[in-house]
1. Enumerate the residues in the range 223-267 having an amide nitrogen under 12 Å from the point lying 7 Å beyond the Cα of I36 toward its Cβ.
2. Decide, for the range 131-190, between rounded, prolate and oblate: order the square roots of the alpha carbon gyration tensor eigenvalues as a ≥ b ≥ c, take rounded if a/c falls under 1.5, and otherwise choose prolate if a/b is larger than b/c, else oblate.
3. Which value, in debye to the nearest 20, describes the size of the charge dipole of the range 57-183 about its Cα centre when Lys and Arg Cβ atoms bear +1, Asp and Glu Cβ atoms bear -1, and nothing else is charged?
4. Output the relative contact order of the range 167-250, whole-number percent, from Cα pairs under 8 angstrom with separation of 6+ residues.
5. Pairs of Cα atoms under 8 Å, at least six residues apart: use those to get the relative contact order of the range 81-219, whole percent.
6. Could the peptides 169-178, 96-105 be put in order, highest first, of the mean number of other beta-carbon atoms found within 10 Å of their residues?
7. How about K173: which lysines have a C-alpha closer than 21 Å to its C-alpha, ignoring those fewer than 8 places off in the same chain?
8. Which value, in debye to the nearest 20, describes the size of the charge dipole of the range 119-213 about its Cα centre when Lys and Arg Cβ atoms bear +1, Asp and Glu Cβ atoms bear -1, and nothing else is charged?
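Nothing in this text is a laboratory measurement; each read-out follows from the coordinates by a stated rule. All values derive from a computational prediction rather than experimental measurement. All Cβ positions, even for glycine, are placed from backbone atoms using ideal geometry, and neighbour counts span all protein chains on display.
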Amino acid sequence: MQSRRLAAFFGAVALVGGLVGIGSATNEPRQTQGDIWRDEPAESRQTWWRRDLTDETANKILEGLRKRDPAKAKELDKLKSRDPERFKAELREAGQPELDQMTRDYLETRRQRRNAEFIEWLKANYPKQEQELTALKDKDTKLYVTSFEHLMTEYGAIFEASRSNPELGTVLKEDHELKKRVGELCRRLRSEKSDAKKQELGAELEVVVARRYDLIVRRKEIAYEQFLKRLEELQKQVIESKDEIAKYKDQKVKQENVRQRLQALTDNKVKFKWD
């Protein structure tokens, strides 16, 4: 039964063509359902503030545009109330530098927040390393950055796992320590001269390796459980997608959606003949 469910899972992944990432999360607002025009591919590739030009975003762009190109900003201010759709289209084009800066600011804010969270996590889980890192911050900025990157490389996977799945984070943390212990025991075995001591080290190594084996199995179990959970979500999405397609194939629904779209695009300035 479980093997069939896994087979269905990978089939579902193939069905959606990789558009839905396994276990991925995003901070972007999800598209509201019920508006077929929001499914256009060109929009789905854009960040949410580019795709959904809210009043707040538009005002930020205009604020920057007033400093950079006052004449264009004044022209767009007049257009805003007269033709909202055209205003948004022209604002996106004229405000490209502001949109690019918003993207950079957004990514930088996320990076800084993630780094701060990592340091707090490091303080709780590896206090010695955090203290050594903090001591470098005011003394040697370049060395601080290098040390931070080294710690992120070593502990980043554990940190990320602990945020989304605390048990997985615990498993990875213990396994990380055991891997270091395996390396240490192997080095001691290679240099040890006493047969009795070698036997002692070998016995400890066996215990550590056996524990690592159990942790690896548990890690795979956690991944399997996540796959099953994602499978259930994908199955639900497949059913919803099927129902949505059936709804939109209805001719009455099509006619009503086309009517509403034309009214929105023309602001009721054009009289259409409806059958």
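1. Under 12 Å, as judged by backbone N against the label point of I36, lie 244-262 of the range 223-267.
2. Working: a/c = 3.28, a/b = 1.28, b/c = 2.56.
Here the range 131-190 falls in the oblate category.
3. Details: 27 positive and 25 negative charges, 91 e Å.
With Lys and Arg at +1 and Asp and Glu at -1, about 440 debye.
4. This gives 36 percent for the range 167-250.
5. About 14 percent, as a whole number.
6. Working: 169-178: 17.1, 96-105: 14.1.
Highest-to-lowest ranking by the protection proxy: 169-178, 96-105.
7. Excluding near neighbours in sequence, the set is K123, K128, K220.
8. Values: 18 positive and 18 negative charges, 66 e Å.
So the magnitude is around 320 debye.
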